[in-house]
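Visitor: Let me begin by handing over the structure; questions about it come next.
The values are calculated or read from the model by the stated rules, or taken from the named source; none is laboratory data. Everything numeric here is computed off the predicted structure, so don't read it as measured data. So basically every Cβ, Gly included, is an ideal-geometry build from the backbone, and we count neighbours across all protein chains shown.
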Amino acid sequence: MNTNSTHVRRALISVSDKTDIVDLAHELHHLGVELLSTGGTASTIRDAKIPVTDVSEVTQFPEMMHGRVKTLHPLIHGGILGLRDEHAREAAANNVEWIDLVVCNLYPFAETIKKTDVTMDDVFENIDIGGPSMIRSAAKNVGWTTVLVDPADYARVLDELRERGSISFDVRKDLSAKAFRHTAHYDAIVAEHMNERLNIPFPEDLTFTAHKAYDLRYGENPHQEAAVYVDPHFKETSILKATIHQGKQLSYNNIGDADGALSMVKEFSEPACIVVKHANPCGAAVGTDISDVFQRAYAVDPMSAFGGIIAINRPCTVDIANEIIKVYAEIVIAPCFEPEALGVLAKKNNMRVLEVGAIVPRRPKHELKYVEGGILVQDVDTKRIEKDDLQFVTQAEPTQAQLSDMLFAWKVLKHVKSNGILLAKDSTTVGLGAGQVSRVDAVELAIKKSRFHFPSVNSAGQASEPQLTGCILASDAFFPFRDSIDRAAEVGIKAIIQPGGSMRDDEVIKACDEHGIAMVFTGARCFKH
């Protein structure tokens, strides 16, 4: 492979994105480079009074079939692909002239499929064929040919040509790698869209792509490097699409936790507030007045909420903003903010303020988890449990208030790290046991956390066992033994929601009947690891 610098005497320009293309063509012409072009690009260059030769003049074959066939010709691809030190005699014998620089980007397929009324014909018409062929040809022949797919790189190549009259191998290598990423990204978008259109959720060969948005200072820990990539297909409300009104750049952990908070608040149509710390909800509430909802959610566990993330699904008003600045929060998320509310929040200039737009329920999609040697792919858990899905399995039946709290708690519990236990009362979480290796430990932790909501002291003024009268308990998986039921009864729990399905369901039901506890089965668990 030739690793020397190469001269540029002839360039082929054929672009869909015409950003800065006239300036590039003008500079190349000024540097003595002969320009070839096609279709609309040739017209744009010619309209700028820059000399340009149509590809059809070179091939002596007209552009045809609405431009589908124009560059797929030996006189073009031979000029791009030929090795100057091996194929010169063959090229001369076949009237092939070298093409030293290819400037090309592709049909706007990603933009086309974003349109709500796009047809199958539109989709196929915007699948580029000649462009990827030229780009890959030039990228392959990196020893001799330079390829440009991004207007951001035009200046780099022009600087090389002005300063040294040639393009170095290091620059050609960088641009070649970028070109292959460009075509791979394009092909992946096409493949993903076709899988979606044909309803193939788990194809034999998995392709997905994302575009680098920016580098992060570090990852989960300071010694880990990290970056943010965006999914060009994603159309829903997203933290990565949010308008950041104030505060420094989000960190790796900030983005993960904020995404979790947004996912949780998407569960609710009524006014809701979620407070998240280290990926778990330390407080959640729903109601009719968003200010009241925020205050109840934050008061659940103010110690854990310190430095956490607050997400609401209603506009942030001045009243809410005045309440928020009384506490320490890293991030505030809302669909929108009143201008006056932004002024209030600006008093805490280090707090990030994220406007995410309309918050709608989560839609079915896939989530990926990397493991050594491969990837696990599954549907996101968007399953909703309604009253009609519940199985009433005990002698006592829950009250309407308890049922309402159960269904509220289940929506939050879906986002709690397993093993997960959630206590709730009056549409507010009151205790959380998350990420425990034992379900009994999760119950104990939830009870301990409830002390913020149900402080209790004995006659001597010492802290004592809280009495959780009126609270419900939600478990993300079945109880394998009655021990958790007995413990719940000790603190006054009178209603439990759980999936059921244990070999010892009868033992657990019997324990509930002994304690006068109403228990329902969902028939579905909600593990989150």
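Visitor: Looking for whichever is over 27 Å from the mean Cα position of the chain (by Cα) and part of a loop (DSSP other than H, G, I, E, B) here; the options are Val327, Val360. Which one fits?
Guide: Answer to the check: Val327.
Visitor: Still on this structure: Do we have any residue at all in segment 404-415 that's at pLDDT below 95 and β-branched (Val, Ile, Thr)?
Guide: Among the residues of segment 404-415, not one is at pLDDT below 95 and β-branched (Val, Ile, Thr), which makes the answer no.
Visitor: If a residue has to be in a loop (DSSP other than H, G, I, E, B) and surrounded by fewer than 18 Cβ atoms within 10 Å (Cβ to Cβ) to count, how many in segment 83-106 make the cut?
Guide: Count: 8.
Visitor: While we're here: Just checking, how many residues over segment 397-424 are more than 21 Å from Ser269 (Cβ to Cβ) and assigned to a strand (DSSP E or B)?
Guide: 2
Visitor: Now for a separate question. Here is a check on your reading of the model: is Val157 farther than 26 Å from Glu27 by Cβ, in contact with a helix residue (DSSP H, G or I) (Cβ under 9 Å, 6 or more places away or on another chain) and either modelled with pLDDT of 85 or more or outside any loop (DSSP other than H, G, I, E, B) (or both)? Before you say what the answer is, go through the steps one by one.
Guide: Working: farther than 26 Å from Glu27 by Cβ: no; in contact with a helix residue (DSSP H, G or I) (Cβ under 9 Å, 6 or more places away or on another chain): yes; either modelled with pLDDT of 85 or more or outside any loop (DSSP other than H, G, I, E, B) (or both): yes.
In short, no.
Visitor: Let me ask another. Among the candidates Thr382, Thr394, Thr429, single out the residue that is in a loop (DSSP other than H, G, I, E, B) and modelled with pLDDT of 95 or more.
Guide: Criteria check complete, one pass: Thr394.
Visitor: If you don't mind, another one. With respect to Leu240, determine if the residue is under 21 Å from Ala213 (Cα atoms), surrounded by fewer than 19 Cβ atoms within 10 Å (Cβ to Cβ), touching a helix residue (DSSP H, G or I) at 6+ places or on another chain (Cβ under 8 Å) and of a type in the set (A, V, I, L, M).
Guide: yes
Visitor: Assess whether Leu35 counts as being free of Cβ contacts under 8 Å to residues at least 60 places away in the same chain, in the same structural domain as Ile135 (by TED's automatic domain parsing) and surrounded by 13 or more Cβ atoms within 10 Å (Cβ to Cβ).
Guide: Answer is yes for this residue.
Visitor: Moving on. I'd like to check which strands (runs of 3 or more DSSP E) are fully inside segment 233-307 and have at least 2 residues that are over 30 Å from His193 (Cβ atoms), of a type in the set (Lys, Arg) and modelled with pLDDT of 95 or more.
Guide: Per the criteria, no element qualifies.
Each row is one residue, and each column tells you yes or no for (1) buried (at least 19 other Cβ atoms within 10 Å of the Cβ); (2) in the same structural domain as His77 (by TED's automatic domain parsing); (3) under 29 Å from the mean Cα position of the chain (by Cα).
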| site | (1), (2), (3) |
| --- | --- |
| Lys114 | no, yes, yes |
| Met120 | no, yes, yes |
| Gly130 | yes, yes, no |
| Ser133 | no, yes, no |
| Asn141 | yes, yes, no |
| Trp144 | yes, yes, no |
| Val149 | yes, yes, yes |
| Lys178 | no, yes, yes |
| Ala191 | no, yes, yes |
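Visitor: Considering (1) assigned by TED's automatic domain parsing to the domain that holds Gly165; (2) surrounded by 14 or more Cβ atoms within 10 Å (Cβ to Cβ), say which one Pro62 fails and leave the rest.
Guide: If we test Pro62 against (1) assigned by TED's automatic domain parsing to the domain that holds Gly165; (2) surrounded by 14 or more Cβ atoms within 10 Å (Cβ to Cβ), just (2) comes out false.
Visitor: Further question on the same structure: Out of the residues in segment 348-369 that are touching a Leu at 6+ places or on another chain (Cβ under 8 Å) and surrounded by fewer than 11 Cβ atoms within 10 Å (Cβ to Cβ), state the one that is nearest to Lys266 (Cα to Cα).
Guide: Ranking the candidates gives Leu368 first.
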